[in-house]
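Asks: Take this structure, written in structure tokens, and hold onto it; I'll ask about it next.
The values are calculated or read from the model by the stated rules, or taken from the named source; none is laboratory data. A quick note: this is a predicted structure, and the numbers were derived from the prediction, not measured. Note that each Cβ is placed from the backbone with ideal geometry, even for glycine, and that neighbours are counted across all protein chains shown.
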Amino acid sequence: MRIIQVFAVGLVCVLSLGSRVTGETGISPRDWPSWRGPTSNGVAHTSAKPPLKWDDNTNICWKVELPGPGSATPIVIGDQVIVLTATKTDKLANPEELPPRDSRFETKTKAPDRFYRFEVQSFARETGKLLWTRSVKQAVPHEGHHATHSYAGGSPATDGKRIYASFGSFGVYALDLSGKILWSRDLGRLNTRLGWGEAVSPVVSGDSVVLNWDQEADSSLIVLDAAKGKTRWQAKRNEKSTWCTPLIVEHKGQFQVIVNGTNRIRSYDLADGKVLWEVSGMTANPIPSPVAGDGVAYVMSGYRGSTAVAVSLDAKGEAENMVLWKHAKGTPYVPSPILFGDRLYFTQVNSQMLTVLDAKSGKPLLEGERLPGVSSFYSSPAIANNRIYLVDRGGTTLVLSAEDKPKVLATNRLSDRIDASPALSGEMLFLRGEKYLHAIAEKKD
């Protein structure tokens, strides 16, 4: 039996108004339904007012010890906070149980010799009580992962009716809000660049679940039926490993699925998988997800180079002439950018250097500004109540004003390593660390 500890910290948390009645479905303003939130741009609902200041002893509503590390961002649906974990067990694999390595691919990591348990966990939003845990798979991974990665890298998503969890090579699952598995799919093995590991985050739109299945060979974009899990369509992609989550955006009555890529940036028709438009690609190892607003998509990458482009969503076919502007300095490697109003905010590679662009023109409003008190970022920033929340890998969150030249409003430190992006829900902030899930809220007067 695994023991999950809840640490009381002697304060009464602010409770958000408008809590959903148990059993209701749909997304409410206080939910954080996917890793980039309700807008897919990292921007919370206008009613969200998470705390400004905290530390290990201040404004911690609760924290729960997690069974293993992970960079999957928690989601919030109703009174539940959903977290994915992949935990190494004590069960040693027999030689015949070890998955064979594919000799076609170079690897710099070592596959484990023990079984891992892949789980979906639900915690009570206000108290941290474990509501349910569902072990969906036990398996021996066929490859290792980067030292900074884990086997729980893809974040879950919800449409308010079901929870969708992807463990990549170890299955895609839909659960109801009580944790019952409704369907599961084995979409085959992923072979990632140098064995660095997987991070497939599902994206939900209407009755479709979209999965980016990029790898070293046989890459594709897969769309499943949300209710049954059956494949609606699968589009082959001329790409090698990426770790980017697609963006779904509606434009003039059509839903576009925009996917980053080294060779090409492509937009697919959500209805049938046909390529609507494509433009020149990014640097190697593209990870940042696109953002979009006012009929324009913004796509970036920053590994061994810097590239950002703005593409009109009116584009068709080969669409280099629909690239509105390009920027070639200070773009992110792991974190995704934020689009807020007419500004794009992003950090350089994984460093503490901040750039702000005018989204209309691509001109810098602030370029290469060194942020104080933080080091490197894997987490993607989020915005609520006109504040930018940037969480560094050491557990420090810098809160900035969302303006042309942001000002530091607070520097908040926790004793936990954090690679997962923040989840902003009503008056609460949830941070998934290497050891703990932290729920942060202001004290009541």
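Asks: Consider the range 224-234. How many of its residues are touching an Asp or Glu at 6+ places or on another chain (Cβ under 9 Å), part of a strand (DSSP E or B) and not hydroxyl-bearing (Ser, Thr, Tyr)?
Replies: 3
Asks: Ok, one more. Could you tell me whether the range 396-403 includes any residue that is part of a loop (DSSP other than H, G, I, E, B), in contact (Cβ under 8 Å) with a residue 12 or more places away in the chain and closer than 18 Å to THR331 by Cα?
Replies: Looking through the range 396-403, none of the residues is part of a loop (DSSP other than H, G, I, E, B), in contact (Cβ under 8 Å) with a residue 12 or more places away in the chain and closer than 18 Å to THR331 by Cα.
Asks: Test LEU211 against the stated conditions and say whether it is modelled with pLDDT of 95 or more, under 27 Å from ILE82 (Cβ atoms) and part of a strand (DSSP E or B).
Replies: Working: modelled with pLDDT of 95 or more: yes; under 27 Å from ILE82 (Cβ atoms): yes; part of a strand (DSSP E or B): yes.
Judged against the criteria, LEU211 is a match.
Asks: Taking the condition of being within 14 Å of the chain's Cα centre (by Cα) and closer than 16 Å to GLN256 by Cα, how many residues in the range 190-209 meet it?
Replies: Of the residues in that region, 3 qualify.
Asks: Consider only pairs whose beta carbons are under 9 Å apart and that are at least six residues apart or on different chains; among these, list those whose first residue lies in the range 314-327 and is surrounded by 12 or more Cβ atoms within 10 Å (Cβ to Cβ) and whose second residue is among the polar types (S, T, N, Q) and outside any strand (DSSP E or B).
Replies: As it stands, the answer is ALA315/ASN321; LEU324/SER361; TRP325/SER361; HIS327/SER306, since those pairs meet every condition given.
Asks: While we're looking at this one, here's another question. Can you confirm whether the range 114-125 contains a residue that is under 21 Å from LEU211 (Cβ atoms) and more than 21 Å from the chain's Cα centre (by Cα)?
Replies: Our first condition is that a residue be under 21 Å from LEU211 (Cβ atoms); within the range 114-125, this holds for 116, 118-120.
Narrowing further to those that are more than 21 Å from the chain's Cα centre (by Cα): 116.
Yes, the range 114-125 has at least one match.
Asks: Now for a different question. Please specify each residue of the range 51-76 satisfying the condition of being part of a strand (DSSP E or B), in contact (Cβ under 8 Å) with a residue 40 or more places away in the chain and either in contact with a Lys or Arg (Cβ under 7 Å, 6 or more places away or on another chain) or surrounded by fewer than 24 Cβ atoms within 10 Å (Cβ to Cβ) (or both).
Replies: Start the filter on the range 51-76 by keeping residues that are part of a strand (DSSP E or B), which leaves 55, 58, 60-65, 75-76.
Next, only the ones that are in contact (Cβ under 8 Å) with a residue 40 or more places away in the chain stay: 55, 60-65, 75-76.
Across the range 51-76, the qualifying residues are ASP55, ILE60, TRP62, LYS63, VAL64, GLU65, VAL76.
Asks: Also, quick follow-up: Looking at the range 168-184 only, could you name the residues that are closer than 18 Å to ALA152 by Cβ and not small (Gly, Ala, Ser)?
Replies: Result: PHE170, VAL172, TYR173, LEU175, ILE181.
Asks: Can you pull out the residues in the range 30-40 that are assigned to a loop (DSSP other than H, G, I, E, B), in contact (Cβ under 8 Å) with a residue 24 or more places away in the chain and either more than 30 Å from ALA147 (Cβ to Cβ) or in contact with a Ser or Thr (Cβ under 8 Å, 6 or more places away or on another chain) (or both)? Steps first, please.
Replies: Our first condition is that a residue be assigned to a loop (DSSP other than H, G, I, E, B); within the range 30-40, this holds for 30-31, 33-40.
Restricting the remaining residues to those that are in contact (Cβ under 8 Å) with a residue 24 or more places away in the chain gives 30-31, 33-37, 40.
Selection gives ARG30, ASP31, PRO33, SER34, TRP35, ARG36, SER40.
Asks: Do we have any residue at all in the range 113-124 that's of a type outside the set (A, V, I, L, M), surrounded by fewer than 17 Cβ atoms within 10 Å (Cβ to Cβ) and not in a loop (DSSP other than H, G, I, E, B)?
Replies: yes
Asks: Within the range 125-140, can you find the residues that are within 15 Å of THR87 (Cα to Cα) and either crowded, with 24+ Cβ neighbours inside 10 Å or of a type in the set (A, V, I, L, M, F, W, C) (or both)?
Replies: VAL136, ALA139, VAL140
Asks: So, in the range 133-184, how many residues would count as being touching a residue at least 40 places away in the same chain (Cβ under 8 Å), of a type in the set (Lys, Arg) and part of a strand (DSSP E or B)?
Replies: The qualifying residues number 1.
Asks: Out of all the residues in the range 239-252, is one or more part of a strand (DSSP E or B), among the small types (Gly, Ala, Ser) and on the phi < 0 side of the Ramachandran plot?
Replies: Checked the range 239-252: no residue is part of a strand (DSSP E or B), among the small types (Gly, Ala, Ser) and on the phi < 0 side of the Ramachandran plot.
Asks: Can you confirm whether SER380 is touching a Cys at 6+ places or on another chain (Cβ under 6 Å) and either aromatic (Phe, Trp, Tyr) or in contact (Cβ under 8 Å) with a residue 40 or more places away in the chain (or both)?
Replies: no
Asks: Among the residues of the range 417-436 satisfying the criterion of being crowded, with 23+ Cβ neighbours inside 10 Å and part of a strand (DSSP E or B), which is farthest from the chain's Cα centre (by Cα)?
Replies: MET428
Asks: Checking PHE105 against (1) within 21 Å of the chain's Cα centre (by Cα); (2) more than 13 Å from PHE430 (Cα to Cα); (3) touching a residue at least 60 places away in the same chain (Cβ under 8 Å), only one condition comes out false. Which one?
Replies: Checking PHE105 against (1) within 21 Å of the chain's Cα centre (by Cα); (2) more than 13 Å from PHE430 (Cα to Cα); (3) touching a residue at least 60 places away in the same chain (Cβ under 8 Å), the one that fails is (1).
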